[in-house]
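Asker: Before I ask anything, here is the structure I am working with.
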Amino acid sequence: MSNDASSYISLYRRYRPQRFSEVVGQEEVTRTLRNAVVAGQVAHAYLFSGERGIGKTTVARILARAVNCLHPEGGEPCNECANCKTIIANRTLDILEIDGASNRGIDHIRRLREEVAFAPTDLRTKVYIIDEVHMLTNEAFNALLKTLEEPPPHVVFIFATTEPHKVPRTILSRCQAFDFRKIPQEKIAARLRQIARQEDIPIEDPALELIARKANGGMRDAIVMLEQAESFRQEGKITTDSLLGMLGLVGREEHAAFLNAVEAGDRKAVLELIDSLVDRGKDLEVFLGDMIVTLRDRIAAGGSKDEARDIALVRGLLDIKQELFRSLDRRIVLEIGILSLMQTLAPRESVKEEPRPKPEEKPEPKPEPTAAPPLIAAAREGPSEEAQQEPTPPAADGSLEARWEGMLRKIEQERIAIAAFLAEGTPRIEGNKLRIMFHPEFTFHKESLEKSDNMQYLAGMVHRYLGDEFVVEVEFNDNAVRKPSPREALREKARLLCEVFDGRVVKED
Ligand SMILES: [Zn+2]
């Protein structure tokens, strides 16, 4: 295996099908699409629905090339002509992949509508692939609908979704819909066998079958697992035993392991489990939802050893889940959320943990000068109560900028997602108004901040740090600075947190 991070391409990407005929397990879909390309009857809008990792985006990309290919062969893209190469190299603005989860607002769709009207620049047909389309807001759907009602001739929309029931009927009725099926186990096994042979990965057949079974119909999961197994392999072949060790626990057992790790304050185990979920392309929101159900069942069945604590845990998980729903970087929100939640919950008596600092003691070395108050608890109790127990922030003196920075640092400790949104805004004081302006491109940030619980929290912080008289307003402003995405900063923050907690750095693909 290559270790050169810059040139390394994952097994999954290397073996991603480039032609319809290479797509495993979706023969009905690919046959119909090929026929449509041959007949020149490609629809203006498609809806691809089905679970994660079964080929929706892969097929969408192949179709994008097929409709633009200069020398298509039986409805397949040639992958050799100028158009195919431009698309493969990702050098064209005519093929656009949009993540519906992070571009869900009306403004994105409005802009998209404007762009749609223009003819393609390098290709014949513009193709818009909107992934997780069910995440769009109603307003955005309505704007999209107007385009779908009178689609320009040079445009194809491909919507992909894991939850087609959340897509409005009005949109569905304008799409040609395809259901992507879970891929049969034997087909996954056959593909894995082929890849293992080509890559010289020594694996016993029962182990290969086990991966195919655990992948539960998803080719992406299967290939990622094969790659992991190879990277963990020490000597000899990959066997079912070595595989079981690597895969650890699945399903209910995995939830139980996660809960145990949270309850035991085992940060390393928690981060590793999240890592493994992300690697396997699992839906973090679904995972959290399952954990909440597991806990609720335990409480309902009277199986709680400490009911109050379990209820607090469920509440904390619900908060994180809600935050996750709107986040750009779900993994970090989950990691930071869970780690913060672990800090707030007193460890079970049976569980050993480092002693918690007494109020007057200096806390253990942390990235911040003050002991971070529990994230979830602070949010729930409101900041005013907490302010009484704490030295008053420098509300009276210090420049606005310094006070603003101080507030940001505090928010960063308490609600990292809010801090990330704020970091991209431009603050301005006018009278008793604090205006936080966002460049119109930052719809998501503005909308997220405007959520009532976020606004309430922010207003409280503003009163503490800037003064009681201030009213907060969040608005769009064309002149607001378009700041770089906070992803890097957030990542760095998460990395630091992890280092402090356990010397472990979050992996990034
Ligand atoms: Zn071509």
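The values are calculated or read from the model by the stated rules, or taken from the named source; none is laboratory data. Just so we're clear, the structure is a prediction, and the values are computed from it rather than from any experiment. Quick reminder, even Gly has a Cβ in these numbers, built from the backbone with ideal geometry, and neighbours come from all protein chains shown. When the accessible area is computed, the model is the full protein with side chains, heavy atoms only, and any ligands, DNA or RNA have been set aside. Shrake-Rupley method; radii C 1.70, N 1.55, O 1.52, S 1.80 Å.
Asker: Strictly over 24 Å apart at the Cα level, which of Lys321/Lys410; Lys56/Lys446; Lys126/Lys282; Lys214/Lys282; Lys410/Lys451; Lys166/Lys282 would you flag in this model? All intermediate terms of the calculation are to be shown ahead of the outcome.
Answerer: Values: Lys321/Lys410 22 Å; Lys56/Lys446 31 Å; Lys126/Lys282 31 Å; Lys214/Lys282 13 Å; Lys410/Lys451 20 Å; Lys166/Lys282 19 Å.
Beyond 24 Å: Lys56/Lys446; Lys126/Lys282.
Asker: Taking the Cβ of Met219 as the center, what net charge do the other residues with Cβ under 9 Å away carry, scoring Lys and Arg +1 and Asp and Glu -1? Display every interim value, and only then the final one.
Answerer: Numbers: positive: Lys187, Arg191, Arg220; negative: Asp221.
The answer is +2.
Asker: Normalised by the number of residues in the range 11-179, what is the relative contact order in percent for Cα pairs under 8 Å and 6+ residues apart? Intermediate values should be presented prior to the final figure.
Answerer: Details: 270 pairs, mean separation 49.2, N = 169.
Relative contact order comes out at 29 percent.
Asker: Can I ask one more? So for Ser242, Ser448, Ser276, what's the accessible-area order with a 1.4 Å probe, most first?
Answerer: Details: Ser242 60, Ser448 5, Ser276 30 Å².
Largest to smallest exposure gives the sequence Ser242, Ser276, Ser448.
Asker: Accessible area of the range 11-179 with a 1.4 Å probe: how many percent of it is carbon plus sulfur?
Answerer: On the way: 3630 of 7730 Å².
Its accessible area is 47 percent carbon and sulfur atoms.
Asker: Report the semi-axes of the equivalent ellipsoid for the range 150-244 in whole Å, largest first, where each axis is √(5λ) for an eigenvalue λ of the Cα gyration tensor. Intermediate results must be reported in sequence, preceding the final value.
Answerer: Numbers: eigenvalues 300, 38, 23 Å².
After diagonalising the Cα gyration tensor, the semi-axes are 39, 14, 11 Å.
Asker: Another question, then. Sort 41-53, 410-422 by packing, meaning the average of other beta carbons within 10 Å per residue, with the highest value first.
Answerer: Values: 41-53: 19.5, 410-422: 22.6.
Order by mean packing, descending: 410-422, 41-53.
Asker: At a 1.4 Å probe radius, carbon and sulfur cover how many percent of the accessible area of the range 251-354?
Answerer: The nonpolar share, carbon plus sulfur, comes to 51 percent.
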